[in-house]
Amino acid sequence: MDASTLAPKLAKSYSAGTVIFREGDAGSEMFIIVAGNVRVSKQVGTLERTLARLGPGEFVGEMAILTGENRSATATVEEDARLVPIDAAMLEQIVARSPEVAVRLLKRLAFRLKAANDLAAILLHRDARVRVVRGLALLVETRGVERGEDEVFLEVTPDELAAQLGLQNQEVTDVLGRLERGGMVQPAEEGSGYVVRDLDRLREFVDFITARETLGEIG
């Protein structure tokens, strides 16, 4: 979505650290990011989990404005930003005048729905290995930051994974240890997070586990 063609005059400046909206707030606006960086996070138990980092051309806060429900996550400016606030009436005008914007919005909503459905499917599995491996694969798809030809960085801790996947911390730690020994993941040098080192092997492992489940060998 090219924010510069929508309403550059309406862009407002937000300094790093500014909370645009909080989880649970009523929402009457969405925001187009013209410049800067915004982090979207959600509270999971006592932990704050990063859902996404968004940059120029992206939009944030669209779910509340479309559904009329309270905010499902918190949005915080990580890097000084310029954002265009858009209310429901303005959004209707933009969508009516720009089919491209409508398509982008629909694709974004479809992507979010798929991710939610995928997570729901993961939670149905009783095997901790299945949950962790498929959970990592989902994070690679939705939140991964590419590094090099076949490496992806995930800003996630074992505690966050456990909370997200409905597992005990030790179960997640054990599976991550096995993946680390197998050369598929390793703790990130900069601290909180993991680097998926071999995407092909991780995907093959997911396919292998899924195939075994289909044959009734796991459960």
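A few points about this structure:
- Global form of the range 3-106, assessed from the alpha-carbon gyration tensor, a/c cut-off 1.5: oblate
- Among Gly55, Ala137, Ala88 - extreme Cα towards positive end, dipole of the range 25-152, charges at beta-carbon: Ala137
- A simple spin-label model places the labels of Ala26 and Leu123 2.8 nm from each other, with each point 7 Å out along Cα-to-Cβ.
- Going by neighbour counts of Cβ atoms within 10 Å, the residues Glu48, Glu58, Glu92 line up, fewest first, as Glu92, Glu48, Glu58.
- Global size of the range 104-217 as Cα Rg and Dmax, reported in angstrom: 14.0, 41
- Distance in nm between pseudo-label sites at Ala88 and Glu48 (7 Å out along the Cβ direction from Cα): 3.0 nm
- Over the range 125-214, Cα pairs under 8 Å with separation of 6+ residues give a relative contact order of 32 percent.
- For Lys12, the lysines whose Cα comes closer than 25 Å to its Cα, not counting residues fewer than 8 places off in the same chain, are Lys42.
- Toward the positive end of the charge dipole of the range 141-198, with +1 on the Cβ of Lys and Arg and -1 on the Cβ of Asp and Glu, the farthest Cα among Gly193, Val156, Asn169 is that of Asn169.
- Amide H contacts of Arg71 (H built 1.01 Å from N, under 5 Å, at least 5 apart or other chain): Gly24, Asp25, Ala26, Gly27
- Test item: Cα-centred dipole of the chain, Lys/Arg +1 and Asp/Glu -1 on Cβ, debye: 440 debye
- Two-site label geometry, Glu180 and Asn70: point separation in nm, points 7 Å out along Cα→Cβ: 3.8 nm
- Whole-Å distance, taken between Cα centres, linking the range 89-124 and the range 11-27: 21 Å
- A DSSP coil position with no more than 13 other Cβ atoms inside 10 Å describes the following GluC sites (Glu not before Pro) in the range 127-219: Glu149, Glu189, Glu190, Glu217.
- Within the chain, helix-based [θ] at 222 nm, where runs of 4 or more DSSP H residues each add -39,500 (n - 2.57), nearest 500: -13500 deg cm²/dmol
- Based on Cα atoms of the chain, Rg over Rh with Rh as the Kirkwood radius reads 1.01.
Read-outs throughout are calculated quantities, based only on the coordinates presented, and are distinct from any laboratory measurement. In this text, all values refer to a predicted model and were calculated from it rather than measured experimentally. Please note: Cβ atoms are built from the backbone with ideal geometry, for glycine as well, and neighbour counts cover all protein chains shown.
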